[in-house]
Amino acid sequence: MGKTKTTLEELEEERSALEQEAYDEKTKLLNRAQFQELLELQNEEEPEFVAEIVEMYLADAKEMLNELSKLFSEEKVKEAEDGKPDYNTVRAVLHKLKGSSSTFGADGVQQKCEELREHCINEDLDKCRTGEGSLEELQSNVDMLSEFLAKYTAKIKEIYELSREAKADE
């Protein structure tokens, strides 16, 4: 019993450290209040709730990033009559990604969407593709968030399973 309690405490400390990483002002991966609201929706009847929401958000985000990559591709730009990406479609996809990121609490992704939108308004293809506020940077931010969320949801699952075992031992 004592070993399980210590282990649960250690897991909770690890989870808390992960959260601090996500809420850090430099990375701005997640908005604390919004992510906490999401976490509060999970309960014993739906132990996979957060993992399912994370999976849906990331699948949608990656799909939208793929669409943006295609819209900015050399091939697509060359096909265009004016030799430019379809900036209206790009902005629409960015708006959708920004909205779902806002709902999820992914502040960093939301901020990068806004920066990329500004480059689109200015029709600066080079800045849209690489550098500060680019699609490349947006992709990197989503990748960091994805990596964090994989670690975090695995930790939540580990805590849930260990606490279930502890209750069964009582």
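The values are calculated or read from the model by the stated rules, or taken from the named source; none is laboratory data. Just so it is clear, the model here is predicted, and its values are computed rather than measured. Cβ sites come from the backbone with ideal geometry, for glycine too, and all protein chains shown count toward neighbours. In case anyone asks, the SASA skips ligands and DNA or RNA and just uses the protein heavy atoms, side chains included. Shrake-Rupley method; radii C 1.70, N 1.55, O 1.52, S 1.80 Å.
List of remarks:
- Relative contact order of the stretch 91-161, defined on C-alpha pairs under 8 angstrom at six or more residues apart (%): 23 percent
- 0 to 90° range, to nearest 10: angle between helix 135-169 axis and the chain longest Cα axis: 10 degrees
- Here the spin labels are modelled as points 7 Å beyond Cα on the Cα-Cβ line, and at A33 and K96 they lie 2.9 nm apart.
- Paramagnetic label reach from E114 (point 7 Å along Cα→Cβ; backbone nitrogen cut-off under 14 Å): within the stretch 124-143, residues 133.
- Were the residues from T89 through N122 laid out at 0.36 nm apart, the gain over their Cα-Cα distance would be 10.4 nm.
- What the Cβ-Cβ distance of K151 and A80 gives, at R0 = 41 Å and to the nearest 0.05, is a FRET efficiency of 0.50.
- Heavy-atom accessible surface of the stretch 51-170, averaged per residue, reaches 56 Å², computed with a 1.4 Å probe.
- Dipole in debye (nearest 20) - the stretch 67-170, about Cα centre, beta carbon charges: Lys, Arg +1; Asp, Glu -1: 300 debye
- Only one residue of Q111, L149, G133 has its Cα farthest out toward the positive end of the dipole of the stretch 1-158, where Lys and Arg carry +1 and Asp and Glu -1 on Cβ, and that residue is G133.
- Within the listed set L41, L11, L145, the Gaussian network model of the chain (springs between alpha-carbon atoms below 10 Å) gives the highest mean-square fluctuation for L41.
- For the chain, a Gaussian network of Cα nodes joined below 10 Å ranks S100, S73, S134 by mean-square fluctuation, and the top entry is S73.
- Put the Cα centre of the stretch 110-149 next to the Cα centre of the stretch 18-90 and the gap is 11 Å.
- Only Cα pairs under 8 Å and 6+ residues apart enter the sum, and on that basis the relative contact order of the stretch 4-97 stands at 13 percent.
- Averaging the sequence gap over all C-alpha pairs within less than 8 Å and six or more residues apart, then dividing by the number of residues, gives the stretch 30-158 a relative contact order of 25 percent.
- The P(r) of the stretch 46-139 has a tail past 17 Å containing 48 percent of all C-alpha pairs.
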